[in-house]
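To start, the structure under review is shown below, and the notes come after it.
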Amino acid sequence: EAEVAQSPRYKITEKSQAVAFWCDPISGHATLYWYRQILGQGPELLVQFQDESVVDDSQLPKDRFSAERLKGVDSTLKIQPAELGDSAMYLCASSQSGLAGGESYEQYFGPGTRLTVT
Amino acid sequence: SQQGEEDPQALSIQEGENATMNCSYKTSINNLQWYRQNSGRGLVHLILIRSNEREKHSGRLRVTLDTSKKSSSLLITASRAADTASYFCATRTVGAQKLVFGQGTRLTINP
């Protein structure tokens, strides 16, 4: 069964350092999502791509976070510089489409990257 | 911002019992989805119910939706230890393109 791949699974970094996460969605899925999940809370959308275009990055802290999906396939989320408050699980998900006809297809999630900023 | 609020925040029951979790939301939706998350892992989609549907079943899962009360419930029948997880509702509001997740219910099934 096809899965969403993420790496690394765990990352420990010192504050002010740069960190990057990678996601490879399920083949053929046009929509890719990056979520941040703080312990004990639900996932919060950071950025949503439709193919290579950003369709929602309203909750992305753009002074330090950036995301790209250059060829409309895999994606990278970067934080520079990392802050203590960025410690969280970063989840990537993909779906067939997030826009067609007002419908929402189910999202398939990767295992996540657990980030600890010290 | 959180659209859905799950209730209770935590639930502990004996294996074999039924578990019911509730979700309330604030604005009109296109659909509502339930996801499960095992500790430290990604989320797994369980079921999607559209705004014009009132009830949906999938195996041991039953989901209801009451759009007049802006609420949904997830019932897990004959619970098993493997059902221990956090359960999240997620809503897609009318006119929006994204899912908004609630804070989740942590379910513990005791053997």
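The values are calculated or read from the model by the stated rules, or taken from the named source; none is laboratory data. Predicted, not measured: the structure shown is a model, and the values here were computed from it. Cβ: placed from backbone, ideal geometry, glycine included. Neighbour counts: every protein chain shown.
Checking each residue in segment A:109-118 for being facing another protein chain (nearest Cβ under 7 Å) and either part of a loop (DSSP other than H, G, I, E, B) or at pLDDT below 95 (or both) picks out A:110, A:111, A:112.
Scanning segment A:23-59 for residues that are assigned to a loop (DSSP other than H, G, I, E, B) and touching a residue at least 24 places away in the same chain (Cβ under 8 Å) returns A:25, A:26, A:27, A:28, A:29, A:30, A:38, A:39, A:43. For segment B:76-107, a tally of residues being farther than 29 Å from residue A:56 by Cα, of a type outside the set (D, E, K, R) and surrounded by fewer than 16 Cβ atoms within 10 Å (Cβ to Cβ) returns 4. Applying the criterion of being surrounded by fewer than 17 Cβ atoms within 10 Å (Cβ to Cβ) and part of a loop (DSSP other than H, G, I, E, B) to the residues of segment A:60-72, the residue that is nearest to the other protein chains (Cβ to nearest Cβ) is A:61.
In the set (1) out of contact with any Lys or Arg (no Cβ under 6 Å at 6 or more places or on another chain); (2) closer than 11 Å to residue B:21 by Cβ, the condition left unmet by residue B:57 is number (2).
Taking the criterion of being under 14 Å from the mean Cα position of the chain (by Cα), part of a strand (DSSP E or B) and either over 13 Å from residue A:113 (Cα atoms) or in contact (Cβ under 8 Å) with a residue 60 or more places away in the chain (or both), the residues of segment A:1-22 that qualify are A:5, A:6, A:7, A:19, A:21. Between B:5, B:53, the distinction of being among the acidic types (Asp, Glu) and over 26 Å from residue A:34 (Cα atoms) belongs to B:53 only. The set of residues in segment B:13-57 that are within 12 Å of another protein chain (Cβ to nearest Cβ), of a type in the set (Ser, Thr, Tyr) and without any contact (Cβ under 8 Å) to a residue 60 or more places away in the chain comprises B:39, B:51. Against the conditions (1) basic (Lys, Arg); (2) away from every other protein chain (no Cβ under 14 Å); (3) buried (at least 20 other Cβ atoms within 10 Å of the Cβ), residue A:36 satisfies every one except (2).
When restricted to residues that are modelled with pLDDT under 95 and either more than 20 Å from residue B:43 (Cβ to Cβ) or more than 11 Å from every other protein chain (Cβ to nearest Cβ) (or both), segment A:1-25 contains 2. Considering segment B:1-30, and only residues there that are under 14 Å from residue B:93 (Cβ atoms) and of a type outside the set (S, T, N, Q), the residue that is surrounded by the fewest Cβ atoms within 10 Å (Cβ to Cβ) turns out to be B:26. Scanning segment B:60-99 for residues that are without any contact (Cβ under 8 Å) to a residue 40 or more places away in the chain, outside any loop (DSSP other than H, G, I, E, B) and under 14 Å from the mean Cα position of the chain (by Cα) returns B:61, B:62, B:63, B:64, B:65, B:66.
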